[in-house]
Amino acid sequence: MTEALFIGLDLGGTEVKSGLGSADGSLCWTERTPSEAHLGKDAILQALEAAVRAALDEARNRGAQVRGIGLGTPGVVDPTDGVILYPVANLGGWHGTDLKGFFADRFNLPAVIDNDANAAAWGEYISGAGRGARVMLMVTVGTGIGGGAVISGELVRGASGGALEVGHTLFEASGRPCNCGLTGCMEAYAGGWGMVSDWRERLASDRHEAVAGKKEEELTVTDLIAAGLSDDPLANEVLDDGARALGAGLMSAIHLINPDVVVIGGGVIDARPRHLQLLEETLREKVLPKALARLEIVRATHGNQAGVIGAVALAAAGEG
Ligand SMILES: [Zn+2]
C-alpha cells in the first residue's frame, strides 16, 4: 500500500517551516524557507505554494501519497471555513484570505487552517510534553505570548477562533498599552516585546551607556536574553520581572480551565531555564489549591517544530 503522508506548514513573519509526516505527527522531512511577509499577501501565498511543491516532490521521491495540508498561521482563523478574520500584524493584506480555497485550487488537496498557537498546542498534545493530558494549556513566550488549549482531546477554538488569547488576558487594569490596542494585557509585561520596552525605559532612566553597541530603540528580545545570559544585572532584573508577571498572569487561565498540564515553550524559555523556574514558583504561590492539586508545569519538547507537527496531525485529523 502507498504510504499516506500529510504536509504541515507553519507560517511566521520571517519564514515558512514545512514538513511531511504521518497521521501521528511524526515528521520524515522538514524545510525552512523565507516567508517574504514584508512583500505582502501575494508573496506570502507564493512562498506557501513553493513550500507545498517542495514537499510534494519529496513525497513523490519517497513513493508516498500526500493526502492533505495543514497550516498554522498568525491571526484569527474562522474555524468553519479557514478564512483569516482580522488584519494580522506583519502580514500585510492577510485579512480575508481564503487559505482553504487557495490550497484546493492550486493542489486539489483538502486543507485544515488554524491559528499558529493552536497548531503548536496540538503538536505538543499529540506527541510532545502534553501527551496524555486531560486538560492541557500551552503557552509560548516569544515576541508576544501565544496560547492554546486541548480539553478532553479537542482543541479549544472558541465560537469565532478567538479562544485562549492568553497574552491578552488582563494583567493590570489601566496598565501599559498593548500592541492589540487594549491596555494592561499580560503580553505587555511578560511577552518579549513588553520586556524589551520595559528594558529600554529602565536603560533610559538608569544609565546611558550603549548595550550591544546599539541605541535603546534598536534593542531586541535577543539582545535582552544575551545581556541576561552574560550577567547584566539590569537585563536579568527585567527578565525576572517578566517571568514573575507571566507566573502571576497565568493565574486567570489556570483558574478558568483547571489544567493538569501546562506546557511552556518559546524562544525566551528555551534560552533561559531560570525563566521557567521563576514563573513556576510565582504561579504556585498565586494559584488556588484546588487548581494546583494535579497541576504539572512542563517545558515544551518539540521546540520550534511544534507548529509543523501539529499542522501535520491536524491535516490528518481533518482528512479522517
Ligand atoms: Zn493585548
Quiz prompt | From 150, 156, 112, residue being surrounded by 23 or more Cβ atoms within 10 Å (Cβ to Cβ), farther than 22 Å from residue 14 by Cβ, in the same structural domain as residue 219 (by TED's automatic domain parsing) and away from the ligand (no atom under 16 Å from the Cβ) | solution = 150
Quiz prompt | Leading residue by the ranking (surrounded by the most Cβ atoms within 10 Å (Cβ to Cβ)) among those in the range 159-183 that are of a type in the set (Gly, Ala, Ser) and more than 8 Å from the ligand (Cβ to nearest atom) | solution = 161
Self-check item: Test: residue 206 is assigned by TED's automatic domain parsing to the domain that holds residue 275, in contact (Cβ under 8 Å) with a residue 24 or more places away in the chain and surrounded by fewer than 20 Cβ atoms within 10 Å (Cβ to Cβ)
Solution: yes
Quiz item: Out of the residues in the range 194-203 that are charged (D, E, K, R) and in contact (Cβ under 8 Å) with a residue 24 or more places away in the chain, which is surrounded by the most Cβ atoms within 10 Å (Cβ to Cβ)?
Solution: 198
Quiz item: Taking only pairs six or more apart or across chains, which ones have beta-carbon atoms under 7 Å, a first residue in the range 173-193 that is without any contact (Cβ under 8 Å) to a residue 24 or more places away in the chain, and a second residue that is assigned to a loop (DSSP other than H, G, I, E, B) and within 7 Å of the ligand (Cβ to nearest atom)?
Solution: 185/178; 188/178
Quiz item: Can you name every residue in the range 225-282 that is at pLDDT below 95, assigned to a helix (DSSP H, G or I) and within 17 Å of the chain's Cα centre (by Cα)?
Solution: 267, 268, 269, 270, 271
Self-check item: Filtered residues of the range 186-207 (kept if in contact with a Phe, Trp or Tyr (Cβ under 9 Å, 6 or more places away or on another chain), part of a helix (DSSP H, G or I) and within 12 Å of the ligand (Cβ to nearest atom))
Solution: 187, 188, 189, 190
Exercise. Would you confirm whether any residue within the range 282-292 is at positive phi and outside the structural domain of residue 31 (by TED's automatic domain parsing)?
Key: no
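The values are calculated or read from the model by the stated rules, or taken from the named source; none is laboratory data. None of these values were measured; they are calculated from a predicted model. Cβ: placed from backbone, ideal geometry, glycine included. Neighbour counts: every protein chain shown.
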